[in-house]
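The values are calculated or read from the model by the stated rules, or taken from the named source; none is laboratory data. Keep in mind the model is a prediction, meaning the values are calculated, not measured. Please note: Cβ atoms are built from the backbone with ideal geometry, for glycine as well, and neighbour counts cover all protein chains shown. These accessible areas exclude ligands, DNA and RNA; they are computed on the full protein's heavy atoms, side chains included. Shrake-Rupley method; radii C 1.70, N 1.55, O 1.52, S 1.80 Å.
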Amino acid sequence: MPEQAEGTAGVPTREVRDLLRRRREQIAQRWADEPLFRAVFTVSRDEAVEAGKAVVDALAQVADAARVEDPDAAGFTAVREQLARMGAARSRSGLSTAQVSSELAALRPPVENLLVADLPEDASAEHVRDCVSTLTVLMGTLRVVVMQTALSEGQALIDRQRLQLLEVATPVIKLWDGIVAVPLIGTLDSARSQVVMETLLESIVEQQARYAILDITGVPTVDSLVAQHLMKTVAAARLMGAECIVSGIRPAIAQTMVHLGLDLGTVVTRASLADALGYVLHQLGVGIVTPGANGAVAR
């Protein structure tokens, strides 16, 4: 009896599967006129139809595996990337998540109409209802897959843009032959501190720098983790053959470092970027000439 009940319960799923395979071309043709496909595949209508066929095939495979409620069903694997591009394209065009979801929901009625039309005339109302319900669940799962994938792609894009912004906000400036500086402005967190270290070390290699200045004049606060990152940056620069000078330590930051018990005895510090540059030039044996009342004066 349980096997018979299970077999009866699977009939609507098989009906949906067979419809998708039998009406593949008609469904794809109707989907090609829906906003989701029409607005994404603009090169030709044939392109939209082919994309629709791929989605129909995926749905048929999911139904064949009787996993109509599972967004992780293997059938979605082949079209997951395509679905992500479609969802992302509609989002980039200015549609909200709810609007994209509505466009996905609009794909169900054309398939439902074909399903009802193809069912035997003597099919009971309950059987029709079960088939339509199964199709509704399957199309709902498709919506979940698209939204999940689009959100994942969106988060990945945000992460990439955030990293790019961190790199742009952490410029390494060549001040002199063999001297580079990183003027830091704004809040430092662990992620940005890591970018500072990587960017500075790369510049030391590229510029063959002997001295690197970390200027934190524009950094309002430094916590213990960030302070440790700065110390690691100084140590890493030293291993690369460059001396690292930290300049612009504000009074509040200095107090924080003292309270944290950080040992800065091996780190050269200066009050300002100008002082740090003067120190480095002196180390290089470069004289600085400033205008005086009676002419130029070297110092």
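Quick rundown of the values:
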item	result
Residue 148 among the polar types (S, T, N, Q), modelled with pLDDT of 80 or more and within 24 Å of the chain's Cα centre (by Cα)	no
Qualifying residues in the stretch 241-259 (those that are part of a helix (DSSP H, G or I) and closer than 21 Å to residue 191 by Cα) - the one most open to solvent (accessible area, probe 1.4 Å)	256
Given (1) touching a residue at least 60 places away in the same chain (Cβ under 8 Å); (2) of a type in the set (Gly, Ala, Ser); (3) under 15 Å from residue 12 (Cβ atoms), index of the condition residue 125 fails	(1)
The stretch 101-144, residues that are of a type in the set (Val, Ile, Thr) and modelled with pLDDT under 90	144
All positions within the stretch 212-235 that are among the charged types (D, E, K, R), closer than 16 Å to residue 200 by Cβ and either more than 32 Å from the chain's Cα centre (by Cα) or surrounded by fewer than 23 Cβ atoms within 10 Å (Cβ to Cβ) (or both)	232
Test set (1) open to solvent by 60 Å² or more (accessible area, probe 1.4 Å); (2) under 28 Å from the mean Cα position of the chain (by Cα) - residue 238 fails condition number	(2)
Per-region count, the stretch 7-42, residues open to solvent by less than 30 Å² (accessible area, probe 1.4 Å) and touching a residue at least 60 places away in the same chain (Cβ under 8 Å)	8
Among residues of the stretch 92-116, those that are open to solvent by 60 Å² or more (accessible area, probe 1.4 Å) and either hydrophobic (A, V, I, L, M, F, W, C) or part of a helix (DSSP H, G or I) (or both), counted	8
